[in-house]
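Report on the following structure.
The values are calculated or read from the model by the stated rules, or taken from the named source; none is laboratory data. What you are looking at is a predicted structure, and each value in this text was computed from that prediction instead of being measured. No Cβ is skipped: glycine too gets one built from the backbone with ideal geometry, and neighbour counts run over all protein chains shown. Keep in mind that these areas ignore ligands, DNA and RNA; they rest on the heavy atoms of the full protein, side chains included. Shrake-Rupley method; radii C 1.70, N 1.55, O 1.52, S 1.80 Å.
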Amino acid sequence: MSNKAFSNSEQRLNKPGDDQCQEGLAIHDDEGRFIYINDAMASMYGYRTEHVIGESWKFLHPPETIKQFESNILPQVDQKGHWQGVLKGLNKSGARFDVDIVLTRLTDSRGKSVGLLCRSRNLSDSHQHKSEHEWQKHQYQLVFDRSPILIAHIDKNCCYRLVNNQYCAWTGKTRDEIIGMHIRDVLIEDSYVAAKPNIDKALQGETVNFEAKVPHSSGAYKWVNATYVPDRDPDNNVVGFYVFIIDIDEKKREEFNHQALMHAINMGIEGFALHDKDGNFLYVNAAQANMYGYEPEELVNNSWKKLYNKEQGQVIEEAYMPVLLTKGHWRGELRGLKKTGEYFDVEVSLTLIQGESGKPKGLFCACRDISERQRSRQEVDFLAYHDSMTGLPNRLLFKERLEQMLVRAERRNTLVAVLFIDLDYFKHVNDTLGHSIGDSLLMAVADRIKSTFRIEDTVARLSGDEFTVLLGGLVDIKYVEVIVNKLLDAFKTPIKIDSREIFQSISIGISLYPKDGKDVESLMKNADAAMYKVKEEGRQSYRFYSPGLTNSAQESMLYRSQLQSALDNKEFVLHYQPLISLKENRIIGFEALIRWQHSEKGLVYPDKFIRFAEESGLIVPIGYWVLETVCKQMREWREEGMLFDRMAVNVSGVQLQVDFTEKVVEILSKTGTPPDSLEMEITETFLMKGLQQPVRKLEELRKMGLVIAIDDFGVGYSSLSQLRQLPTQVLKIDRSFVGDIADDPDDRAIVKAIIGLGKSLNLRITAEGVESLAQHAILSTLGCKAAQGYFYSKPCAAVEIPDLYKSLNEKLQI
C-alpha cells in the first residue's frame, strides 16, 4: 500500500459520523467456525451476525467452492500465510454471487495456526463499480472499526500511523496521543526490547507471531498474542507493518493454573485418577499407581477392577456404585490389592462426571493409603483397654470382665476371687537402677504372673506396680490358696534383667464374691485393703480380706474414696514456703504446697493422698484448682505491695498427659498472670521416663514464657545429654543431699557438682531442705542461687505470708 493510500484511509476513518463498514470482516477459529463477523459481511449473505457466530464458513458457499477451497486454496494459505481471489458465495435465499476474498493466516508464538482473518466484498452489487480508490478508503475502516482485536499500523520508522479503538482502550491513550508516537514510548522500554527482534523481522518483510507481556492501562502487564504483517507499497517495498494483538491474559492464567494443578496432581502424595463411563483409566497419577504397585502406564486403559479382588469388586458394584449414581459422589474405605498380591487399606472418594445430557460421562477418583492410620486406630482401640507397657488388660477392661463374671457367678452360684498384687519396694528399683530397668522388670513380672494362671483368668495391670487377677467359676476357696502359693513361689527365683538378677517379692490381697462384696467396687476396694494389710505385716505374703483390717489400711482406703468429695467440698488448701535468693538475701518467690483439711483427720499432707489422686485421675482437676488459686493469690499479694519474682507449683506427670497447656493458657488469661511469673516443678524421676508427650507439653509451656524446674534433682540418674534436651531453666537439688552437706564430704561434692552442672547448662539452682545456718553458708559459698527450707520458714497459710514477707526480708538483710 502506498503512503498516499495510507493517508487517504486514515483521513477517511477520522471523518465524524462515518462509522458504517462497507467491507465484510470475519475471524475463523482453526476449525473454520466464525468467532467474529461484522454486520457488513453477515448482511452480504443475508444473515444477522448472531446467526453466523459459531457456525462453519461452509454454509455460506456452494459445494464446488468448498471443494476448490479445501483442495487448492487452503494449501496456499498454509504455505504463504495469505490468499486473495474471487469465490462463489451463497446467500440465505439460495442465490449465488461473486465475492472478492482476502485470507490471512493467524498463528501463535510457536507458529501454530489459531485461525484465519477474512476480508470480503460483494462484486455483484453497486460496490463493484466503485473505484479502487474508494475500495482502499473503506479498507482501513473495515479492519479497524469495532474489532475485538487490537489493530495498528506502524511505519518503517516505528511510529504509529493508525490505531483502532481497542488499541486506545488497552493503552489508556487517545488516538491523537498515540499517532506519531514511537512504539518504544507505548510499549515501555522492557516490552520494547523484547519485541524489537520481531519488529526487525516485520520490517524485513517477514510475518511474525509471538506471545509477550505488555503494559496495560490498568498499570499491570498482561499477556498478548501479537502478529506483525509487513505492509508493502506497489513496488513491493516494505513501508511499515500491521499489528494484530489478541488479549490472551486470561487464557495464560488458565494455562498456568492448569499446569500448576496438574503438577500438584502429578507430584502430590494423594492418588488421583480419571475413568471413562466404563470404569477404564483415562488418567492416573504416579501416587495412585504406585500405591497399588504399578506404573501409571500399566493402568491406563485398564479397568479399576484390576486394583481389587473379586469379592471387593462385587461389593463396589452392588453396594457403592448405586450410591454414586444416585448422589453423584461416594466416599469410603476399601481393601486394595497391590500388584504383588498384598492387601492394604485405602480410603477412596468417587465423584461422578456428567455430560451435557446429564448422563454419566466418567468419574474422578481420589484415594489415599490409610494402612498406617488403620494400624494406629487399632492401637488406640487396644490401648483403650490394655496397658501400653505390658499389653495386659487395664483397669477399664478388668472392671468390665469382673462385672460380666459376677453376672455368671450369680447365675451359676459359683465363687469369684479378685487378687490385688503389689510389688514390694519397687520404688527402690526405680530410684537405684533407673526407670529403664524398672520398666523391664514390670514387663518380666507381668509375664511371670500371667504364666501362673489359666487362659480363662484375667491378669491386668492397674497402674504403676499394681497388678490384679480375676479368677472365676470357682467352687472351693482352696483353689485360690493353691494358686496364690504357686504365684509366691514363682517369685522366689530372681528375674534376669540384662546382666542383673533382681529378687522381686510381691504382696497379695484377696477378696471373694459373694462373701466380701457383690459388686465390682466393693471387691476391688476390699482386695486392695487386704493387700495393704500384707504390706504392714511385712510383705511377701498374701491375705484374704476381713472386716478387721488395720486402721492404716482403712485410712488409705478412706483417703482414696473421699478424694472426689474433698475436691467438690473445697477441702484442699495451699500453704506457701518462701524461695530465698542467696545472692540478694531476699524473698524471690513462694512454692505452693497442697494440704487436705480433712473433716475428721485434720490437716493431711500430700504424701498420704497424692498417689491416689494420680491413680484416679483426680490429680488433673486438683492441679487446675491449685494453679488458678496460686495465680489469684499472687495478684492479690502484688497489689498489696509485696515484691517477688514468681510462684512455684508442683505438676504431676499425669497432668502433662492431658490438655494441660490449653488449660494453663486459659487460667493465665483469666487471672491476668504474666507467664514468666509462674514456675512449673516436675520431678526428675518422671522426666527420666522419656515420655514424649509430657516433654512436648513442657516445651510448649516454656515457649509461652513459663519457668520449668526439675524437682528433687539428683535422685533420678539423669544424664547430661538428657538434661540438655529437657526444656528446663531451674534445677532443685533434692533435700537428701542438702541435709548432710555440712558433715558429709560426699554430699557436699554432689551438691557442688550439681551447681557446676547448672552453670555449664545456664540453669538456675535451688537447694531444698535447708535447715541450718551452716547449710545456708555452704550453699552460698558454692554459688547456689536460691534455697528454701525450715531455716527460713516452714510452709505457712496464705494469711500468714504478708507478715512473714516483711519480717523475713528484714532478717535476711542483717
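Relative contact order of the chain, taken over Cα pairs closer than 8 Å and 6 or more residues apart, is 6 percent. Each residue of segment 398-409 is assigned a 3J(HN,Hα), and the resulting list reads 4, 5, 4, 5, 5, 4, 5, 5, 5, 5, 5, 5 Hz, derived from the Karplus form 6.51 cos²θ - 1.76 cosθ + 1.60 (θ = phi - 60°), x at Gly and Pro. For S505, nonlocal amide neighbours, meaning residues 5 or more places apart or on other chains whose placed amide H falls under 5 Å from its own, are D424. The 3J(HN,Hα) values that the Karplus relation (6.51, -1.76, 1.60; θ = phi - 60°) gives for segment 317-329 are, in residue order, 5, 8, 10, 9, 4, x, 5, 4, 5, 7, 9, x, 7 Hz. Gly and Pro appear as x. When I765, I179 are compared by accessible area at a 1.4 angstrom probe, the order from most to least is I179, I765.
Normalised by the number of residues in segment 552-668, the average gap of Cα pairs under 8 Å and 6 or more apart makes the relative contact order 25 percent.
In units of the compact-protein estimate 2.2 N^0.38 Å, segment 475-585 shows a Cα radius of gyration of 1.57. When exposed loop sites are taken as GluC sites (Glu not before Pro) in a DSSP loop with at most 16 other Cβ atoms within 10 Å, the longest stretch of the chain clear of them is 56-205.
Can you tell me the length gained on complete extension of the stretch L643 to I35, counting 0.36 nm per residue apart and subtracting the Cα distance?
Details: separation 608, 0.36 × 608 = 218.88 nm, distance 8.31 nm.
So the extension gain works out to 210.6 nm.
Close amide-amide hydrogen proximity is noted between D98 and G89, L123, S124, each under 5 Å apart and 5 or more residues distant or on a separate chain (H modeled in the peptide plane; Pro and chain starts excluded). Taking label points 7 Å from Cα along the Cα-to-Cβ direction, R454 and D740 give a separation of 5.3 nm. In the context of the full protein assembly, M181 retains an accessible surface of approximately 40 Å², using a probe radius of 1.4 Å and ignoring ligands and nucleic acids.
Segment 593-624: which chymotrypsin sites (Phe, Trp or Tyr not before Pro) are DSSP loop and have at most 12 other beta-carbon atoms within 10 angstrom? Don't jump to the answer; show the numbers that get you there.
Values: sites: W596, F609, F612, Y624; in loops: F609.
Listed in order of number, the matching sites amount to none.
Straight-line cross-link partners of K213 among the lysines, defined as a Cα under 22 Å from its Cα and at least 8 positions apart when in the same chain: K112, K173, K196, K201, K222, K251, K252.
In what order, largest first, do S736, S669 sit by accessible area if the probe radius is 1.4 Å? Please list the in-between numbers first.
Numbers: S736 65, S669 95 Å².
Largest accessible area first, the list is S669, S736.
Protein chains only, probe 1.4 Å: how do W637, W57 rank by accessible area, largest first? Could the numbers behind the result be given before it?
Values: W637 5, W57 35 Å².
My answer, sorted largest first, is W57, W637.
Electrostatic bookkeeping for I35 treats Lys and Arg as +1 and Asp and Glu as -1; over the other residues with beta carbon under 14 Å from its beta carbon, the sum is -4.
So what is the accessible area of the chain per residue, in Å², with the probe set to 1.4 Å?
On the way: 40570 Å² over 814 residues.
Each residue of the chain exposes 50 Å² on average to a 1.4 Å probe.
The C-alpha atoms of the chain define a longest principal axis, and helix 435-452 lies at about 80 degrees to it. Counting only heavy atoms of the protein chains and using a 1.4 Å probe, S599 has close to 100 Å² of accessible surface. Over all other residues within a Cβ to Cβ distance under 13 Å of V229, the charged ones net out to +3, with Lys and Arg as +1 and Asp and Glu as -1. For the chain, the alpha carbon positions stretch 133, 79, 50 Å along the principal axes, listed from largest to smallest. Note on E317 and Q204: their simple-model spin labels are 6.6 nm apart, each label 7 Å out from Cα toward Cβ. Loop-located trypsin sites (Lys or Arg not before Pro) in segment 411-489 (DSSP state not H, G, I, E or B) with no more than 11 neighbouring Cβ atoms inside 10 Å: R454. Rounded to the nearest 10 degrees, the angle from helix 371-385 to the longest Cα principal axis of the chain is 20 degrees. The lysines whose alpha-carbon is closer than 29 Å to the alpha-carbon of K697, local same-chain residues fewer than 8 away aside, are K427, K570, K608, K632, K663, K670, K689, K732, K759, K785. Per residue, the chain reaches -12000 deg cm²/dmol at 222 nm when only DSSP H runs of four or more residues are counted, each adding -39500 (n - 2.57). Sequence-ordered 3J(HN,Hα) estimates for segment 57-65 from the Karplus curve with 6.51, -1.76 and 1.60 and θ = phi - 60° stand at 4, 5, 6, 9, 9, x, x, 5, 5 Hz, glycine and proline given as x.
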